[in-house]
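**Q** Take this structure, written in structure tokens, and hold onto it; I'll ask about it next.
The values are calculated or read from the model by the stated rules, or taken from the named source; none is laboratory data. Fair warning: this is a prediction, and the values are worked out from it, not measured in the lab. Heads up, the Cβs are rebuilt from the backbone with ideal geometry, glycines too, and the neighbour counts pull from every protein chain shown.
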Amino acid sequence: MQEPKVQEFNTRNGTVYIHSWAPRELLRELQIGDGLGAFWYYNAERVKTNLFQSLSNPRSEVILAYTPANMLVGYLLISSPSRRGRWRRLEVVYETTIEIAREWRRYGIAGKLLSTAVEESHSQGKIFLAEGYSWAWDLAGRELTPAEYREMWKGMMARYGFFECKTDDPGILGDIWSLMMAWVGPKVDEEKKSLFFKNLVMTV
């Protein structure tokens, strides 16, 4: 287990704390910001429950962004993929989920969460997957079309070393706007890196 680390991040909308390896006790004190929880139907209790479960898993990490008033305004979840999926033989692969509350977007918080994750020493031997599902995008909140949101999201991830992957993953293939991106740590050995790229496309 890594030691928790807190950084103070000043934005034009106010100060935000970026907390790596956040403890469950901290999450219990936080209120859920508006616009968080696309994967849990924007239900605050479900957001907390699922983040609590992730914090209980030693192979998961949650990096929290919250205000001095204890409002959770963003998070980056790093978790092991399903044991039944294509990545079950690759313990270096982790899935990432990132969200920012509506009133705190465009202030660089997402970038700060991503840079924190990829710069950590324990991340250098890992591969991070970022699956961009169009059904989870807050198009109304950003006033963007699916095509515009896709390019915005892709560009943001690329600034932190993520690249688009061609894959036959059914969740990505099911929609023309969805995409998969990945970040490969510089210390991932060549055998595991090769296996990762082979597993992106499993049908011929």
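**Q** For the range 54-70, which positions are loosely packed, with under 15 Cβ neighbours inside 10 Å and either of a type in the set (Val, Ile, Thr) or closer than 22 Å to Thr15 by Cβ (or both)?
**A** Pro68, Ala69, Asn70
**Q** For the subset of the range 139-180 comprising residues that are charged (D, E, K, R) and free of Cβ contacts under 8 Å to residues at least 12 places away in the same chain, which member is farthest from Asn199 (Cα to Cα)?
**A** My answer is Glu143.
**Q** How many residues are in contact with a Gly (Cβ under 9 Å, 6 or more places away or on another chain) and without any contact (Cβ under 8 Å) to a residue 24 or more places away in the chain if we restrict to the range 23-43?
**A** Number satisfying all stated conditions: 2.
**Q** I've got another one for you. Is it the case that the range 151-163 has a residue that's closer than 30 Å to Asp34 by Cα, in contact with a Lys or Arg (Cβ under 9 Å, 6 or more places away or on another chain) and modelled with pLDDT of 95 or more?
**A** yes
**Q** Suppose we filter Leu27, Leu51, Leu90 for residues that are surrounded by 15 or more Cβ atoms within 10 Å (Cβ to Cβ), part of a loop (DSSP other than H, G, I, E, B) and modelled with pLDDT under 95; which single one remains?
**A** Working: Leu27 fails: part of a loop (DSSP other than H, G, I, E, B); Leu51 fails: part of a loop (DSSP other than H, G, I, E, B).
Leu90 is the lone residue from the list that is surrounded by 15 or more Cβ atoms within 10 Å (Cβ to Cβ), part of a loop (DSSP other than H, G, I, E, B) and modelled with pLDDT under 95.
**Q** Further, regarding this structure: Considering only residues of the range 71-87 that are closer than 16 Å to Asp169 by Cα and of a type outside the set (A, V, I, L, M, F, W, C), which is surrounded by the most Cβ atoms within 10 Å (Cβ to Cβ)?
**A** Checking each candidate, the answer is Arg86.
**Q** Go through (1) at pLDDT below 95; (2) under 25 Å from Ile172 (Cβ atoms); (3) in contact with a Lys or Arg (Cβ under 9 Å, 6 or more places away or on another chain); (4) of a type in the set (A, V, I, L, M, F, W, C) for Ala38 and report which single condition fails.
**A** Ala38 satisfies all of (1) at pLDDT below 95; (2) under 25 Å from Ile172 (Cβ atoms); (3) in contact with a Lys or Arg (Cβ under 9 Å, 6 or more places away or on another chain); (4) of a type in the set (A, V, I, L, M, F, W, C) except (3).
**Q** Just to be sure before I move on: is Thr96 surrounded by 18 or more Cβ atoms within 10 Å (Cβ to Cβ), out of contact with any Cys (no Cβ under 6 Å at 6 or more places or on another chain) and of a type outside the set (Phe, Trp, Tyr) in the structure I sent?
**A** Values: surrounded by 18 or more Cβ atoms within 10 Å (Cβ to Cβ): yes; out of contact with any Cys (no Cβ under 6 Å at 6 or more places or on another chain): yes; of a type outside the set (Phe, Trp, Tyr): yes.
Yes, satisfied.
**Q** Show the residue pairs that are 6+ apart or on different chains and have beta-carbon atoms under 7 Å apart, the first residue being within the range 47-71 and closer than 19 Å to Glu103 by Cα, the second being of a type in the set (D, E, K, R).
**A** Once the first residue is closer than 19 Å to Glu103 by Cα and sits in the range 47-71, its partners that are of a type in the set (D, E, K, R) give Asn70/Glu29.
**Q** Taking helices (runs of 4 or more DSSP H) that do not extend beyond the range 134-179, which have at least 2 residues that are closer than 17 Å to Ala110 by Cβ? First the steps, then the outcome.
**A** Numbers: elements: 139-142, 146-158, 170-173.
Result: 139-142, 146-158.
**Q** Scanning the range 6-32 for residues that are more than 22 Å from Val47 (Cα to Cα) and among the charged types (D, E, K, R), which turns out nearest to the chain's Cα centre (by Cα)? Break it down into steps so the answer makes sense when it comes.
**A** Initial filter on the range 6-32 (more than 22 Å from Val47 (Cα to Cα)): 7-15.
If we keep only those that are among the charged types (D, E, K, R) as well, we get 8, 12.
Details: Glu8: 20, Arg12: 23 Å.
The selected residue is Glu8.
**Q** Still on this model: Give the range 183-197 a look and list any residue that's touching a helix residue (DSSP H, G or I) at 6+ places or on another chain (Cβ under 7 Å) and in a loop (DSSP other than H, G, I, E, B), or say none.
**A** Gly185
**Q** Could you tell me which of the residues Ser115, Ser121 is exposed (fewer than 13 other Cβ atoms within 10 Å of the Cβ), free of Cβ contacts under 8 Å to residues at least 60 places away in the same chain and of a type in the set (Ser, Thr, Tyr)?
**A** After ruling out the rest, the residue left standing is Ser121.
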